[in-house]
Amino acid sequence: MNPIYFDHAATAPISNEVVEAMVPVMQDVYGNPSSVHSFGRKARKILDDARNVLATSIGAQEKDIIFTSGGTEADNLAVMGAAKGNQHLGKHIITTAIEHHAVLHPAEQLEVEGFEVTYLPVNEAGLISIDDLKAELREDTILVSVMYVNNETGSIQPIAEIGATLAEHQALFHTDAVQAYGALPLQVDALNVDLLTLSAHKINGPKGIGALYAKDGVSLHPQQHGGEQERKRRPGTENTAAAHGFAKAVELMKENQKERLQTHKRYKKLFLDTLKEEEIDFAINGGRINVPTIVNLHFPGLNVETLLTNFDLDGIAASSGSACTAGSVEPSHVLRAMFGEGDERITSSVRFSFGLANTEENVQEGARKVAKVIRRLTKTS
Amino acid sequence: MKDPKDTRVVVGMSGGVDSSVAALLLKEQGYDVVGIFMKNWDDTDENGVCTATEDYEDVIRVCNQLDIPYYAVNFEKQYWDKVFTYFLNEYKAGRTPNPDVMCNKEIKFKAFLDHAMSLGADYLATGHYAQVRKNGDRYEMLRGKDNNKDQTYFLNQLSQDVLSKVMFPLGHLDKSEVRDVAKEHDLATATKKDSTGICFIGERNFKEFLSQYLPAQPGNMETMEGEVKGKHDGLMYYTLGQRQGLGIGGPGEPWFVVGKNVEDNILYVGQGYHNDLLYSDGLEASEINWALGEAPTEAFTCTAKFRYRQEDTPVTVTPVDETHAKVEFHEPQRAVTPGQAVVLYDNEVCLGGGTIDEIVKNNEYISYVG
């Protein structure tokens with residue numbers, strides 16, 4: 001049995017082209033980009049070329065791109081770094097209840113350190129309201145952080161509108177665009193963002209590398225202390241090969257963006273149509289404003305742990321919320337924010353996300369297997 | 001019976017050596033083995049450390065060694081509702097609960113068994129030291145071969161339906177053999193220390209733990225004649241027959257807990273291990289599970305245990321109704337405790353058991369035991 005992968009929002013397979021691009025860099029370009037000799041210069045060129053590819057892809061300048069170890073570090077640097085760098089202007093931060101933990105937990109840490117954080121609620125479709133944001137904005141607000149695409153439901157927040165709302169305000173605007181990269185237009189000027197988080201492995205690049213866009217002039221306190229790499233904002237010897245692989249993944253993403261999105265849309269439709277055909281009782285969590293790669297389904301009366309374990313035993317890889325360190329599934333904070341504490345959907349929903357590891361055949365086969373599990377469980381429950 | 005390779009066995013894995021070896025033996029016999037870790041209690045401390053995490057990591061190591069899939073399931077809510085609430089209520093009533101019996105009845109062999117069955121399992125296996133034997137249409141639960149480790153006392157509430165679905169792969173082994181198997185296969189848990197105490201309390205101080213949930217009400221320690229001998233910290237901290245921690249000095253034999261008066265919050269104490277007040281000649285039990293499936297209708301003799309690892313003692317059992325019975329001891333017994341389990345045996349076969357509700361002496365209930 002070949003298991004079928006429906007968990008691209010967790011991480012996606014790396015493209016062969018990316019691997020092929022990275023291998024020679026790992027083998028031959030071992031110099032330290034900061035070194036003042038030919039080995040260093042060779043590495044520096046690869047790093048800067050990669051930086052350029054990333055910058056161009058979001059309409060930014062090369063010097064505004066900070067390489068990090070991934071999305072989590074970029075989010076931490078954005079939230080903690082911007083808060084610490086601007087606390088002379090105020091100590092109020094606004095974010096949302098449905099952010100990734102890489103934003104929520106830094107925000108909670110800032111509360112411990114004396115900052116005040118407002119968590120915007122979302123409606124049943126998983127969206128914040130601009131009116132709520134306006135109502136919560138204060139003179140001493142220094143940072144607003146709202147994710148572009150939610151990783152659990154795929155819902156898309158009105159980032160450009162938020163950007164416009166904040167245009168005349170002192171607050172910096174950060175968006176975690178990890179799930180949006182490749183799925184939505186991402187031009188920093190059009191969105192009017194100051195800080196934006198990217199990650200390589202969600203777009204078929206290597207794991208262990210991400211980037212933060214920080215607009216020129218944004219005051220950002222480094223979160224680690226060491227060398228002067230990344231314009232003193234992120235110390236540590238740069239991961240040249242991974243940066244090169246990241247850039248390759250971006251190029252591939254740009255090349256066939258339109259067809260790829262069409263394909264993913266077809267996958268999602270085929271998946272849902274097959275479940276309907278099989279007369280499965282389910283509902284989609286979230287509204288109509290979402291990306292084609294992610295769908296979050298509620299299966300009434302069934303428990304998420306039973307569902308996920310059954311799926312895996314039958315060769316279907318899906319997920320839900322986050323796992324606790326002892327392996328069991330934690331109730332999703334995103335669904336809780338959408339539906340309220342105690343709602344049945346929080347403990348009986350599963351996320352399926354589509355991508356490179358899928359074909360029309362395996363999407364349909366996977367949906368049938370899902371249907372089979374649901375039928376078996378509804379019969380016995 | 002299906003071929004082992006077509007037979008799915010879910011193994012309840014705790015991260016200990018017993019369940020690790022249970023999984024290993026089943027895998028060697030060719031079964032389709034799935035390891036599942038149960039999380040019943042959140043003991044995350046202020047540093048974010050929780051023993052469940054460490055145990056789960058051991059489950060992962062062992063399952064990777066055995067090349068079997070592993071998962072976790074959370075029964076914290078069920079455990080709280082069915083086991084912990086009962087545990088606290090019993091203490092409040094001045095009795096001594098047995099949460100392990102309740103956990104087996106309500107969680108491991110109910111909620112967890114249902115979960116295993118929902119995964120298409122044919123059997124649920126655990127690392128308990130007990131055996132199941134099919135005898136005609138009946139499933140018999142036998143003591144584990146290692147008499148020192150036999151856990152049928154805690155499994156007394158298992159019904160025929162449950163016994164038809166469980167496997168105890170360690171039942172025919174001694175603990176030392178289990179350790180040897182684990183060492184031979186270099187299992188990650190081969191030398192891990194056995195867990196001790198009640199699972200949710202672990203190594204922690206029992207008094208301190210309990211005081212977080214039940215307000216301690218200190219009161220007097222008195223003899224049955226009303227002579228005050230000292231102060232107690234709260235009745236729930238003491239069990240019948242206990243000697244430690246009383247702090248009563250003076251001449252003569254050492255002092256023991258001989259009873260409790262919940263109404264007036266008095267702990268009764270008496271002198272001498274063999275104090276007559278500690279002895280009884282019968283009990284009444286409720287919530288009896290007849291493990292062989294049918295409740296007897298007439299009196300019969302067999303042997304019984306009133307606590308784990310105690311020697312069996314001969315008794316005569318007179319059923320009152322399907323779930324109640326009177327048990328007469330052939331010899332007086334010391335410190336039989338309300339709230340604990342009485343478990344009955346016919347030689348190697350466990351006949352089932354129930355909860356000790358009343359203690360009887362000379363045909364009268366003795367009320368001072370709590």
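FYI, it's all coordinate maths here, none of it is from the lab. Keep in mind it's a predicted model, so treat the numbers as computed, not measured. Note that each Cβ is placed from the backbone with ideal geometry, even for glycine, and that neighbours are counted across all protein chains shown.
Shown here: the range B:81-184, whose C-alpha atoms stretch 45, 32, 28 Å along the first, second and third principal axes, sorted largest to smallest. Using C-alpha pairs below 8 Å separated by at least 6 residues, the relative contact order for the range A:16-254 is 28 percent. Need the C-alpha centroid separation for the range B:225-275 versus the range A:113-157, integer Å. One Cα centre to the other: 62 Å. Coordinate range of the alpha-carbon atoms in the range A:227-381 per principal axis, descending: 61, 36, 31 Å. Distance distribution P(r), the range B:276-369, all Cα-Cα pairs, bin width 5 angstrom from 0: 3, 15, 29, 28, 17, 7, 2, 0 percent. Taking the DSSP beta bridges with both ends in the range A:16-254, the antiparallel portion is around 40 percent.
Rounded to the nearest 0.05, what FRET efficiency is calculated for A:LYS372 and B:GLU253 with R0 set to 51 Å and r the Cβ-Cβ distance? Show your work: numbers first, answer last.
On the way: r = 71 Å, r/R0 = 1.38.
About 0.10, to the nearest 0.05.
With the charge dipole of chain B set up from +1 on Lys and Arg Cβ and -1 on Asp and Glu Cβ about the Cα centre, the Cα lying farthest toward the positive end among the listed residues B:PHE256, B:PHE154, B:VAL59 is that of B:VAL59.
For the listed peptides A:185-196, B:67-78, a ranking on the average number of other beta carbons within 10 Å per residue, highest first, reads A:185-196, B:67-78.
Give me D for the protein assembly as shown in µm² s⁻¹, whole number, from Stokes-Einstein with Rh from the Kirkwood sum over alpha-carbon pairs, 10 °C and 1.306 mPa s. Numbers along the way, then the final one.
Numbers: Rh = 30.0 Å.
Result for D is 53 µm²/s.
For the range B:246-319, what is the charge dipole size about the Cα centre, in debye to the nearest 20, if Lys and Arg each add +1 at the Cβ and Asp and Glu each add -1 at the Cβ? Write out the running numbers ahead of the final one.
Working: 4 positive and 11 negative charges, 63 e Å.
In debye, rounded to 20, the range B:246-319 gives about 300.
Evaluating kT/(6 pi eta Rh) at 10 °C and 1.306 mPa s, with the Kirkwood radius of the range B:1-86 over Cα pairs in the Stokes-Einstein relation, gives 114 µm² s⁻¹. Given Cα pairs under 8 Å that are at least 6 residues apart, what percent is the relative contact order of the range B:4-184? Rounded, it is 24 percent for the range B:4-184.
Given 25 °C and 0.890 mPa s, how large is the Stokes-Einstein diffusion coefficient of chain A in µm²/s, with Rh as the Kirkwood radius over Cα pairs? Show your work: numbers first, answer last.
Details: Rh = 21.6 Å.
Translational D for this selection: 114 µm²/s.
From the C-alpha coordinates alone, can you work out the Kirkwood hydrodynamic radius of chain B, in Å? Before the final figure, lay out the partial values.
Values: mean 1/r = 0.0454 Å⁻¹.
About 22.0 Å, per the Kirkwood formula over Cα pairs.
With only alpha-carbon pairs counted, each pair once and no self-pairs, how large is the Kirkwood hydrodynamic radius of the range B:91-152 in angstroms?
So the Kirkwood estimate lands at 13.8 Å.
If the limit is 20 Å between Cα atoms, which of B:LYS134/B:LYS165; B:LYS5/B:LYS165; B:LYS105/B:LYS326; B:LYS39/B:LYS145; B:LYS305/B:LYS361; A:LYS45/A:LYS248 go over it? Going by Cα-Cα distance, B:LYS105/B:LYS326; B:LYS39/B:LYS145 fall outside the 20 Å limit. Expressed as a rounded percentage, what relative contact order does the range B:276-369 have, with Cα pairs under 8 Å and six or more residues apart? The normalised contact order for the range B:276-369 reaches 38 percent.
Considering all C-alpha pairs of the range B:189-237, those separated by over 11 Å amount to 75%. In this label model, B:SER367 and B:GLU263 are separated by 0.5 nm, measuring between points 7 Å along each Cα→Cβ vector. Taking amide H positions as modeled 1.01 Å from N, with prolines and chain starts lacking one, the residues under 5 Å from A:ASP7 and 5 or more places away or on another chain are A:SER353. Sorting A:GLU230, A:GLU161, A:GLU341 from the fewest to the most surrounding beta carbons within 10 angstrom yields A:GLU341, A:GLU161, A:GLU230.
Work out how much length A:SER129 to A:HIS37 would gain on full extension: take 0.36 nm times their residue separation and subtract the Cα-Cα distance, in nm to one decimal. Mind dumping the intermediate values first?
Working: separation 92, 0.36 × 92 = 33.12 nm, distance 5.35 nm.
Length difference between fully extended and current span is 27.8 nm.
Could you list A:VAL103, A:VAL117 in order of exposure, starting from the residue whose Cβ has the fewest other Cβ atoms within 10 Å? Mind showing how you got there, number by number?
Details: A:VAL103 25, A:VAL117 20.
In increasing order of surrounding Cβ atoms, one gets A:VAL117, A:VAL103.
Legend: calculated FRET efficiency, B:ASP81 to B:GLN244, from the Cβ-Cβ distance at R0 = 30 Å, rounded to 0.05, equals 0.35.
Each label point was placed 7 Å from the Cα along the Cα-to-Cβ direction; for B:GLU184 and A:LYS232 their separation is 6.6 nm.
Looking at the range B:163-298 only, what percent of DSSP beta bridges run antiparallel? Nearest 5 please. Kindly include the intermediate steps, with their values, before the conclusion.
On the way: 10 of 13 bridges.
Of all bridge pairs located within the range B:163-298, approximately 75 percent are antiparallel.
Ellipticity at 222 nm from helices only: DSSP H runs of n ≥ 4 in the protein assembly as shown, each -39500 (n - 2.57), divided by the residue count, give -9000 deg cm²/dmol. Using alpha carbons only, the radius of gyration of the range B:1-159 set against its Kirkwood radius gives Rg/Rh = 0.98.
The three principal axes of the Cα atoms in the range A:1-155 give end-to-end lengths of 54, 52, 29 Å, sorted in falling order. With no solvent and one point on each alpha carbon, what is the Debye value of log10 I(q)/I(0) for the range A:162-261 at q = 0.15, 0.24 Å⁻¹? The computed values of log10 I(q)/I(0) come out as -0.72, -1.30. At a Förster radius of 30 Å, what calculated FRET efficiency corresponds to the Cβ-Cβ distance of A:LYS45 and A:LYS258, to the nearest 0.05? Between A:LYS45 and A:LYS258 the formula returns 0.45.
Quick check for me: using +1 on Lys/Arg Cβ and -1 on Asp/Glu Cβ, what's the dipole size of the range B:4-184 about its Cα centre, in debye to the nearest 20? Before the final figure, lay out each step's value.
Values: 22 positive and 29 negative charges, 139 e Å.
With Lys and Arg at +1 and Asp and Glu at -1, about 660 debye.
Once both labels are positioned 7 Å from their Cα atoms along Cα-to-Cβ, the gap between A:VAL112 and A:GLU251 label points is 4.3 nm.
Computed about its Cα centre, the charge dipole of the range B:215-271 is approximately 200 debye, with only Lys, Arg, Asp and Glu carrying charge at their Cβ.
In the range B:212-370, the inverse of the mean reciprocal separation of distinct Cα atoms equals 16.7 Å; this is its Kirkwood hydrodynamic radius. Restricting attention to the protein assembly as shown, close to 65% of DSSP beta bridges with both partner residues there are antiparallel. Distant-in-sequence amide contacts of A:VAL218, defined by a placed amide H-H separation under 5 Å and a gap of 5 or more residues or a different chain, comprise nothing. Projecting the Cα atoms of A:ALA97, A:GLY85, A:ASN150 onto the dipole axis of the range A:60-162, where Lys and Arg carry +1 and Asp and Glu carry -1 at the beta carbon, places A:GLY85 farthest toward the positive end.
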